[in-house]
Structure formats: structure tokens, C-alpha cells
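Below: the structure, in C-alpha cells.
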Amino acid sequence: MDFELNEEQRILQQSVREWAEARVAPFASELDEHHRYPEEQVREMAEMGLLGMCVPEEWGGAGMDPLSYAIAMEEVSRACASTGVVMSVNNSLVCDPLMKWGTDAQKEQWLRPLATGDKLGCFALSEPGTGSDAAAQTCMAVPDGDEWVIDGTKNWITNGPQADTCILIAMVDRSKGVRGIVAFVVDMERDGVHSGPPEDKLGICASGTSSLIFEGYRARDDERLGGVGDGFKVAMSTLDGGRIGIAAQALGIARAAFEKAVLYSTERKAFGGPIANLQAIQHKLADMGTELDAARLLTYRAAVAKGEGGRFGHLSAMAKLYASEMAHRVTHQAIQVHGGYGYVREYDVERHYRDQRITEIYEGTSEIQRLVIARQVLKDAASRM
Ligand code: CAA
């Protein structure tokens, strides 16, 4: 077991950190306040190869490993969680399924521009009445000659207002349950699909989230990703990887709050000295630092397992579960350390607290992560009996 990053990963970490500190963090608060999409930052991420990090170079990506992706996600999200989620959706929820399930022709047409950042992607699984129970899809894809006609509404779509391309999950045959589901690559410029108004959210306010409305959208059969009936597997295997990105996002948010709490505790004076001298504050800092490291180890383990190509869904569920709930506790305590100053916009910790909350919900709630983990625990136990 090796706990050291290799040289390439250390250089990446340093360069993304320097860029994020200079070009992302100074604007994060203003973008959040005005709910403004980080357009320039996304363009610069594209130039740096951060939007298709694990896509092989032959398809326009950076050809890096999943651990490098997690490292970069943490750095970007430490500066701005909204910019982090734009990056994570394009990498994990759009480029990844195209790499895994796409034909060479689909990779050429759809993956290459997404990996270079010329286009931006979104992933449409959830619906107004279908969230955790992802198999209960009502958005319908009906065959018509060598085309499909798609009708239905998708909800909570990160990058929905900005995306050029969408990975869509839809139902073909309800009677077949999870085997009646199909995935498509959707061209958002085509007639028959439009995004709803941007959602007014508690956190990650600078990222775009909207519904997508499909009304007679026509997809060619060669725009189908995977076989008819593979759609649920496309969605689930995509989320296995996506959850590593969200774990890394939670790490970045928590680390930002932790670092600010440490700094503040050395500057703020009470009872005759810096509050960092008080055991009550030291215990908080000790717990925050310990939990952050534990979450990072779980996240790195899941990323390495993904890179090795074995089974990793339960490991990414553990990483996301622990990292997102850790970020809840750490951002809460960061406000506590700041006292009243932590509750106002002038100090960033209130933003980190709001931004963290979604990491316990999207790409599977904490309750769903526990379900995925428990199934594996019971399966392992049964295999030992
Ligand atoms: N990889 C590949 N296949 C998988 C899989 C995986 N990780 N998980 C399940 N499957 C397969 C199973 O093998 C099974 O196939 P067979 O019948 O052929 O064996 C089939 O899928 C059905 O599996 P389950 O019986 O486990 O299905 P289920 O209905 O019990 O659901 C669930 C499982 C874990 C609850 C799943 O529905 C789930 O993960 N729900 C949460 C959905 C979610 O995370 N939504 C987030 C939306 S995305 C988002 O947040 C958008 C954004 O923009 C950020």
C-alpha cells in the first residue's frame, strides 16, 4: 500500500491549486451571490484539460487516471464548489459513459468535443417523480422506423441550462422494469428538447440546474448508448464513478472551511489570547482534520480501485457517504469557530456550509449510498457462509 502521490499527481495537484487560488477562489463569492455561471473558469478548465481528464488522448482527453481526477476535483472545489460540479458532471457523468459504452463513431462525434471542452455535457436520469427509485422512469422513448421519439421531463439537471450534449436515460418498455430502459446521447441544439428555468438553490448557486423537457425529440438509432435494455446499467455504472467526483467535491468544500477555521482561530482573540489556545477550539480542529484525512483516504481508495478496473461501486458509495457527511460536520464546526462572523456572507464559511449540503443528495442520497453499501456487506457475508 502506497500513501504517496506520484510525481505527475503532485505536479497536477500543485498546478490546479495555483490556478484555482488565482483564477477561481477570488471570484467564487461574487459568482455565488449573483448566481452567475463561471463561464471564464470553465473555459480555462477546458484549456487545462480538466474537462476530460480520464479520456484517452486519442479521443481528445488528458489521459489521466481517476486518482488524478479526484485530486484536481478537490482543488477546484476548494476554490469554488459550483465550478467543481460543472467539472465533475462533464468528466464523470458524460465523458465516462461515452468512453465505456460508446462506439468509435460515437466517441468521435460526441466524446471528443466534450473531452476538449469545446462542448459541455449534462446527465439526465432524475424526473419530477423519480429520484432515488431510478428504475421508475416515465420519460418514454418510442421506436419509429430507425429513429426514436422521446417525450418526458427530467429534473435537477446540473449544467442543464448550458449543456450542448446530454446523456439521457429513458424507458422503452415498462413491463420489462430495469431491462426496459435505454440510454441516448442527445443533441441539445435539436428541436424537441429545451431546458426549464434555472433553479433557485440553497448552494452551488453559480452552477446551472434546470429541468429538461422532451417533446417529440427524435433520436437516431445510432445515438443510442449501449443496447436496448442496457440503460439502467449505463446509469448505475456511470454513478459508481460519479460518486468519486462528488466525494472529492465534498473534500474540497470541507478543506476550504477547515483551513479558514484554523486561520481564524489563530487571529481571533478571547480570554486573553488567540482562541486556538482554547481546548474547546483545539478539539474541534482535531476532529475536523482527522475526518478530512479519513474521507480523503476513502476517496483515493475508490479512485484507485476504479483505475484498476475491478468492482468499486460500494467503495465509491462509502467515499461519497463519508466525505459528504464529513463535509456537513466540518462546515458546521467552521461556522462555530467563527461565531457570528461565520454566519454572514463576508466570511466564506457560510457559503461552504450551503454548498456542502447538496453533496449529501445528488448522485444518490446518503440513504442510497447506505443501501448500496449494505447490499455489498450482506453479499460478502453470504459468500462467507
Ligand atoms: N453497475 C452496473 N449494473 C448495476 C449496478 C451498477 N452499479 N447497480 C445495479 N445494476 C444492475 C443490476 O445488476 C441489475 O441487473 P440484473 O437484474 O441484470 O442483475 C439491475 O441493474 C437492477 O439493479 P437493482 O436490483 O440493484 O436495482 P434497484 O431498482 O434496486 O435500484 C438503486 C438500485 C441503488 C436504489 C438505484 O436505483 C440508485 O442508485 N438510485 C439512486 C439514483 C441516483 O443516484 N440518482 C442521482 C441522479 S443523477 C444526479 O444527481 C444529476 C446531476 O446532475 C448531478
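The values are calculated or read from the model by the stated rules, or taken from the named source; none is laboratory data. The structure presented is a predicted model; accordingly, all values stated were derived computationally and were not measured. Quick reminder, even Gly has a Cβ in these numbers, built from the backbone with ideal geometry, and neighbours come from all protein chains shown. Quick note on the areas: whole protein, heavy atoms, side chains included, nothing else; ligands and nucleic acids left out. Shrake-Rupley method; radii C 1.70, N 1.55, O 1.52, S 1.80 Å.
Here are some notes:
- Full-stretch length increase - Ala280, Glu215 - with 0.36 nm per residue and alpha-carbon distance subtracted: 17.6 nm
- Per DSSP, loop trypsin sites (Lys or Arg not before Pro) in region 1-86 with at most 15 further Cβ within 10 Å: Arg36
- Loop-resident trypsin sites (Lys or Arg not before Pro) (DSSP state other than H, G, I, E or B) in region 248-346 with no more than 14 further Cβ atoms inside 10 Å of their Cβ: Arg311, Arg345.
- Of all DSSP beta bridges in the chain, antiparallel share, percent nearest 5: 85
- Simple spin-label estimate for Ala374 and Ala135 in nanometres, 7 Å along Cα-Cβ: 1.6
- Taking amide H atoms as placed 1.01 Å from N in the peptide plane, the amide H of Val172 lies under 5 Å from those of Ala141, Ile181, Val182, each 5 or more residues away in sequence or on another chain.
- Under 5 Å between amide hydrogens, built in the peptide plane, is the criterion, and for Ser126 it picks out Asn155 among residues at least 5 positions away or on other chains.
- Residues considered: Ala124, Ala247, Ala136. Largest GNM mean-square fluctuation over the chain, using C-alpha springs under 10 Å, is found at Ala136.
- Rounded to whole numbers, the Karplus 3J(HN,Hα) couplings from phi for region 235-242 are 5, 5, 5, 5, 5, 3, x, x Hz, using 6.51 cos²θ - 1.76 cosθ + 1.60 with θ = phi - 60°, and x at Gly and Pro.
- Extension gain, Phe3 back to Glu40 (0.36 nm per residue minus Cα-Cα distance, nm): 9.9 nm
- Residue-normalised accessible area of region 238-384, given per residue in Å² at a 1.4 Å probe: 46
- Karplus 3J(HN,Hα) series, Hz, for region 291-300 with 6.51 cos²θ - 1.76 cosθ + 1.60 (x for Gly, Pro): 5, 4, 5, 4, 5, 5, 4, 5, 5, 4
- Among Gly117, Gly272, Gly309, residue whose mean-square fluctuation peaks in a GNM of the chain (springs only between Cα atoms under 10 Å): Gly272
- Full extension of the chain segment joining Glu108 with Arg190 gains 27.6 nm, where the gain is 0.36 nm per residue of separation less the Cα-Cα distance.
- Within the chain, the longest run free of exposed loop sites, counting chymotrypsin sites (Phe, Trp or Tyr not before Pro) that sit outside DSSP helix and strand states (H, G, I, E, B) and have at most 10 other Cβ atoms within 10 Å, spans 4-270.
- q = 0.11, 0.21, 0.23 Å⁻¹, region 211-320: log10 I(q)/I(0) [Debye, one scatterer per Cα]: -0.58, -1.05, -1.14
- From the alpha carbon centroid of region 14-37 to that of region 220-237 is 36 Å.
- Across all directions, the average projected area of the convex hull around the alpha carbons of the chain is 20.2 nm².
- Amide N of region 251-278 lying under 15 Å from the label point, which is placed 7 angstrom from the Cα of Asp287 along Cα→Cβ: 258
- Cα centroid of region 349-385 to Cα centroid of region 95-127, whole Å: 26
- The alpha carbons of region 122-232 occupy a box of 41, 29, 20 Å along the principal axes, longest dimension given first.
- Projected label points at Glu147 and Ala382, each 7 Å from Cα along the beta carbon direction, are separated by 4.5 nanometres.
- The helix-only estimate of mean residue ellipticity at 222 nm for the chain, built from DSSP H runs of length n ≥ 4 each weighted as -39500 (n - 2.57), is -16000 deg cm²/dmol after division by the residue total.
- Helix 7-23 axis versus longest C-alpha principal axis of the chain: approximately 80°, rounded to the nearest ten.
- Sparse-neighbourhood loop sites, GluC sites (Glu not before Pro) in region 108-208 - DSSP loop, at most 10 other Cβ within 10 angstrom: Glu189
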